[in-house]
Ligand code: FEO
């Protein structure tokens, strides 16, 4: 057993998770500039002990060592699985083997997943639903079903006596920095980035979960990634807005450009929107961080996509970005397209086809043959003003146009 310092977040409630400073990518997609953490919590009652979630592969020994610093891994009574994804559930077999009496506590859907992924036998699982609770002796764990955040089996656990909410991924942030929210500089942009990457596609289910916990007396939110909120209103306030899909007078411009034509139009669009009072975030897709784009999409009212035509369609980076919009389902209401082509178009048509299922209104497009001149730039500026009007709640929609310079 290694002599870890194990933080006690409340009396007899310990953080026994792991920090992963080296991880740079999640889901083979999302950059993690500050690594991440896999938070697990040991709750020691007078009669029983419960472990809330586990850790990622590679940290199983550290989890057991930390548990043994403040308890005994062979004597865990309950292993509460709020979520079955391996970054929180991969050590289930380790814990269940270490403690022969351990019972896995999860939702009905979670039990199916634990049987499939962790080979937990039915006789060692306890299925719980809304309002069910477990008395550990002076520590009562109450369960709240909160499905589809972001898997179907997800639930929250609430520790009645200490008013601690364990929501697993919900309210998380990918950073290995700090233990508590007030120790982490610029935490809210990290939390927003995480929301955009993980929770934004499920924000309606997130709003339902927020409704379920509304009015609860919560003193600490202890998620499974990132810092613990001992100022819970900080993150609750943001999640109320984000899950409601509240947008600002803001536009994300994401573009690819090979010879500068599309980029010059993007520049004109950015200048127009900014001068109209719209907050703008510009991402050159050749160098952009996907997580930054996801973060800015959380509260942007419009998206401007820029792409030249490359072999009859959009540039592959623009296809990727448009796919992300389809997957992440941001609350943006309006879109515009800027593009250029050398001898035959196709990018605009593909953009329209890919954006159609999102129901984001395409306010207009400027797709030009060759290099933009004064007339084309004037049209980009006009489109920018139309889009700004839409963003500010005024101004008619204009039809998509394709012009030859
Ligand atoms: Fe952090 Fe959905 O796992």
> Pick from 111, 115, 173: which is more than 15 Å from residue 240 (Cα to Cα), crowded, with 16+ Cβ neighbours inside 10 Å and more than 15 Å from the chain's Cα centre (by Cα)?
Replying inline: 111
> Only one of 351, 365, 347, 321 is modelled with pLDDT of 95 or more and within 30 Å of residue 237 (Cβ to Cβ); which?
Replying inline: 321
> Of the residues 209, 173, which single one is assigned by TED's automatic domain parsing to the domain that holds residue 233, within 16 Å of the ligand (Cβ to nearest atom) and not in a helix (DSSP H, G or I)?
Replying inline: 173
>> If residue 224 satisfies all but one of (1) more than 20 Å from residue 298 (Cα to Cα); (2) surrounded by fewer than 19 Cβ atoms within 10 Å (Cβ to Cβ); (3) within 16 Å of the ligand (Cβ to nearest atom), what's the number of the condition it fails?
In response: (2)
>> Restricting to region 277-313, and then to whatever is assigned to a loop (DSSP other than H, G, I, E, B) and surrounded by 19 or more Cβ atoms within 10 Å (Cβ to Cβ), can you tell me which residue is nearest to the chain's Cα centre (by Cα)?
In response: 298
> Out of region 322-353, which residues are in contact (Cβ under 8 Å) with a residue 40 or more places away in the chain and part of a helix (DSSP H, G or I)?
Replying inline: 327, 328, 347, 348, 351, 352
> Is one or more of the residues making up region 221-230 farther than 15 Å from residue 154 by Cβ, part of a helix (DSSP H, G or I) and assigned by TED's automatic domain parsing to the domain that holds residue 80?
Replying inline: no
>> Restricting to region 1-45, give me the number of residues that are part of a strand (DSSP E or B) and touching a residue at least 24 places away in the same chain (Cβ under 8 Å).
In response: 19
> Quick one: which of 61, 28 is over 18 Å from residue 173 (Cβ atoms) and within 16 Å of the ligand (Cβ to nearest atom)?
Replying inline: 28
> How many residues are surrounded by 20 or more Cβ atoms within 10 Å (Cβ to Cβ) and within 16 Å of the ligand (Cβ to nearest atom) when one looks only at region 146-164?
Replying inline: 7
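The values are calculated or read from the model by the stated rules, or taken from the named source; none is laboratory data. What you see is a predicted model; the values in this text were computed from it and never measured. Neighbour counts are summed over all protein chains in view; Cβ atoms, including those assigned to glycine, are modelled from backbone coordinates with ideal geometry.
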